[in-house]
Amino acid sequence: MKKIAFLVITAFFALSMKAQTQSPSAENGNVKVSKASMKEMGTAKAPFMNPGKGTVSIESKNNFGIDFPKASDISWERTSEFDQVNFTSDGQRLTGYYDSDGSLVGTTTSRKLTDLPEKSQKILADKYADYKIGPIIFFHDYSQNDNEMVLWATQFNSADLYFAELDKGPDKIVVGITPSGDVSYFTQIN
């Protein structure tokens, strides 16, 4: 009985000594990493800290194949915020945005002024009459992903929205337009 007790106590001390000498690892979740060192490492949890560096994730490519199985004319790039894919689907040119987990955040497509709700066309004609209307896109939110979208280096709460670039000399802005036709300032562009 004394031998068993001695072996148990010895094993307990040996295990506790080993646990004290091990350094914490990311695998057991004990590492505390500063934002500065995360920036240097370019970790998978914080890919937006390395603008435009790295390659498109295999998860994004795999999920894209599931999301858009009939896509053609496909080209990928890693942006500062997302894995971005330009492609054609059902005869329409789209751009898809995938987050750090490889999940679809949303897509954009080019639109014409006549595609906007009538209410917004009136607002643009009245309130922004002295602006030239530039490119218009429609952002379609993929509602199963809660991540926020970033366009024109401006983060916004993802929702289906039209965006119109407006130009008045050196004053270039983007307005957001809801599907119901409400128009609001979104951001300044240079």
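Every read-out reported here was derived from the displayed coordinates using simple, explicitly stated rules and does not represent laboratory data. What you are looking at is a predicted structure, and each value in this text was computed from that prediction instead of being measured. Backbone-built Cβ (ideal geometry, glycine too); neighbour counts: all protein chains shown.
The stretch 47-189: percent of C-alpha pairs farther apart than 19 Å?
The calculated P(r) of the stretch 47-189 puts 54 percent of pairs beyond 19 Å.
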Q) Would you list TYR98, TYR131 from fewest to most Cβ contacts within 10 Å? A) TYR131, TYR98
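How big is the charge dipole of the stretch 47-189 about its Cα centre, in debye rounded to the nearest 20, if each Lys and Arg gets +1 on its Cβ and each Asp and Glu gets -1 on its Cβ?
Working: 13 positive and 21 negative charges, 91 e Å.
For this selection, approximately 440 debye.
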Q: Give me the net charge of TYR128's neighbourhood, meaning all other residues with Cβ under 15 Å from the Cβ of TYR128; Lys, Arg count +1, Asp, Glu -1.
A: 0
**Q.** Under 15 Å, Cβ to Cβ, from ALA71 - net charge with Lys/Arg +1 and Asp/Glu -1
**A.** -1
Q. How much net charge surrounds ILE173 when only the other residues with a Cβ under 9 Å from the Cβ of ILE173 are counted, with Lys and Arg +1 and Asp and Glu -1?
A. -1
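In the structure displayed, which of LYS122/LYS168; LYS61/LYS132; LYS61/LYS172; LYS70/LYS122; LYS61/LYS112 lie more than 26 Å apart, Cα to Cα?
LYS61/LYS132; LYS61/LYS172; LYS70/LYS122; LYS61/LYS112
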